[in-house]
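The structure that follows is given in the form of structure tokens.
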Amino acid sequence: MAILEIKNLHAEVDNKEILKGVNLTIKGGETHAIMGPNGTGKSTLASVVMGHPKFTVTKGEILLDGQDVLEMTVDERSRAGLFLGMQHPAEVPGVTNSDFIKTAMNARMEKGKNVSLFKFIRELDKAVEGLKMNEDLPHRYLNEGFSGGEKKRNEILQMKLLKPSIAILDEIDSGLDVDALKIVGENVTAMKSDSLGLLLITHYQRLLDYIKADVVHVMMKGKIVKSGDISLIERIDQEGYDWIKEELGIDDERVVIPEEEKRAVLGTCATKEALKL
Ligand SMILES: Nc1ncnc2c1ncn2[C@@H]1O[C@H](COP(=O)(O)OP(=O)(O)OP(=O)(O)O)[C@@H](O)[C@H]1O
Ligand SMILES: [Mg+2]
């Protein structure tokens, strides 16, 4: 059973600290959901776990089954069982979708061995059918010209074939129509097992109507500030985040506050001071 441990993780980009001490443990068989207002570090966390070179980890650790993930290259992380379904999947002209998936599957095989073409085509066809995708999508260039919803389904197609042990799905629900949301949700739920730990990043309860989460976390200011059960989502869906901010004494939940806003606040303070308000 896989276990991903994120301990006191700090990460920065362009000398700006975005993650400020994330602690999270996900075990095989568990489904965690992370919610949180825009710009609070959710996608950054996903990128850092997967090894995006843009971010520098300055403190903390990430362990997968006790192994140091931060020491691994991106492809080693993938081979070790980590998977990221991206919020904004990249377009890769010139590489067909099926070639991309086949190459990734081969990279997981023992050195010198390849996945059998027959087995690959059978699995791919089955997954395409299960996701009710257009049959031409595997043969087109990766994500090029795909609609928003097609890109998201395609992330799940990759996940079905790569069979990760820890999968992070970043806003997999955004851009999906109601029927597609149901299909994607049911496909992910069908993959649930003791050998899969899931982390869903989402803004809405509707995804979790199809994929049941065991634990719900809220991220603000680059860390997890609150965790609870599914009732947390219901309350956020109805009331938003203000009650959590009030409860925790958080004024601004964003990690990066634009300079002009900072100046405006400082300006207001200075004016108040001058007027002795
Ligand atoms: N390359 C970068 N340069 C500067 N700031 C960055 C960079 N990458 C991310 N950030 C900032 O880090 C903060 C967190 O971004 P992130 O994408 O993790 O937010 P998020 O919680 O996923 O938000 P959303 O819900 O909108 O997807 C944002 O303020 C973002 O602008
Ligand atoms: Mg995001």
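The values are calculated or read from the model by the stated rules, or taken from the named source; none is laboratory data. Small disclaimer: the values here were computed from a predicted structure and weren't measured. Backbone-built Cβ (ideal geometry, glycine too); neighbour counts: all protein chains shown. Only protein heavy atoms, including side chains, enter the accessible area calculation; ligands, DNA and RNA are left aside. Shrake-Rupley method; radii C 1.70, N 1.55, O 1.52, S 1.80 Å.
Would you mind getting me the FRET efficiency between Val256 and Asn23? Use the beta-carbon distance for r and R0 = 22 Å, nearest 0.05. Numbers along the way, then the final one.
On the way: r = 21 Å, r/R0 = 0.96.
E between Val256 and Asn23, to the nearest 0.05, is 0.55.
Here is a further query. Residue by residue, what Karplus-based ³J(HN,Hα) values in Hz, rounded to whole numbers, does region 43-54 have, using 6.51, -1.76 and 1.60 with θ = phi - 60° and x for Gly and Pro?
Rounded to whole hertz, the list is 5, 4, 4, 4, 5, 5, 4, 7, x, 4, x, 5.
Quick check: pseudo-label points 7 Å beyond the Cα along Cα→Cβ at Ser147 and Glu5, how many nm apart are they?
Distance between label points: 4.5 nm.
Let me ask you something else. Please name whichever of Ile3, Tyr241, Ile201 sits farthest to the positive end of the charge dipole of the chain, dipole taken about the Cα centre and charges placed at Cβ: Lys and Arg +1, Asp and Glu -1.
Ile3
Let me ask you something else. Farthest toward the dipole's positive end in the chain, which of Leu137, Ser116, Ala127, given Cβ charges of +1 (Lys, Arg) and -1 (Asp, Glu) about the Cα centre?
So the residue we want is Ser116.
Okay, moving on. Computed on alpha carbon atoms, what radius of gyration and Dmax characterise region 90-135, expressed in Å?
Using the Cα atoms of region 90-135, the pair Rg, Dmax is 11.8, 34 Å.
Let me know the charge dipole size of the chain about its Cα centre in debye, to the nearest 20, where only the beta-carbon of Lys, Arg (+1) and Asp, Glu (-1) is charged. The partial results should precede the final answer.
Values: 37 positive and 45 negative charges, 110 e Å.
About 520 debye.
Let me ask something additional. Contact order normalised by length for region 3-275, with contacts defined as Cα pairs under 8 Å and 6 or more residues apart; what percent is it?
Details: 460 pairs, mean separation 75.5, N = 273.
Here the relative contact order equals 28 percent.
Also, I was wondering about something else. With a point put 7 Å past each Cα toward its Cβ, work out how far Leu70 is from Ile121 in nm, to one decimal.
4.7
Then there is this: Hey, if you put +1 on the Cβ of every Lys and Arg and -1 on every Asp and Glu Cβ in the chain, which of Gly94, Pro258, Ser231 ends up farthest toward the positive end of that dipole?
It is Gly94, whose Cα lies furthest towards the positive end.
Right, another one. Scan around Ala2 for amide H atoms under 5 Å from its own, H built in the peptide plane at 1.01 Å from N, and keep only partners 5 or more places away or cross-chain.
Amide H neighbours of Ala2: Gly28.
While we're here: Suppose all protein chains stay in the model; what accessible area per residue would a 1.4 Å probe give for region 3-275, in Å²? The partial results should precede the final answer.
Values: 13730 Å² over 273 residues.
Here the per-residue accessible area is 50 Å².
In whole Hz, what ³J(HN,Hα) sequence does region 58-72 give by Karplus (6.51, -1.76, 1.60; θ = phi - 60°), x for Gly and Pro?
Coupling constants for region 58-72: 9, 7, x, 9, 10, 10, 10, 6, x, 8, 6, 5, 5, 7, 8 Hz.
Hey, another quick one. If you take the C-alpha gyration tensor of region 1-106, multiply each eigenvalue by 5 and take the square root, what semi-axes do you get, largest first, in whole Å?
Working: eigenvalues 109, 65, 40 Å².
Here the semi-axes work out to 23, 18, 14 Å.
Give me the tail of P(r) for the chain as a percent: Cα-Cα pairs with distance above 32 Å. Mind dumping the intermediate values first?
On the way: 10791 of 38226 pairs.
Result for the distance tail: 28 percent.
Also, quick follow-up: Could you work out how much longer the chain between Arg108 and Val95 gets when fully extended? Use 0.36 nm per residue separation minus the Cα distance between them, nm to one decimal.
Details: separation 13, 0.36 × 13 = 4.68 nm, distance 1.89 nm.
My answer for the length gained is 2.8 nm.
Sequence-distant or interchain residues sharing an amide H contact under 5 Å with Gly85, placed H: which?
Close amide H contacts, sequence-distant or interchain: Ile168, Leu169, Asp170.
List, in order, the whole-Hz ³J(HN,Hα) value for each residue of region 18-26 obtained from phi through the Karplus relation with A = 6.51, B = -1.76, C = 1.60 and θ = phi - 60°; use x for Gly and Pro.
Coupling constants for region 18-26: 9, 9, 10, x, 8, 10, 6, 10, 10 Hz.
What are the residues whose amide H is under 5 Å from the amide H of Lys226, where those residues sit 5 or more places off or on another chain and H is modelled from the backbone?
Sorted by chain and number, the residues that satisfy this are Val218.
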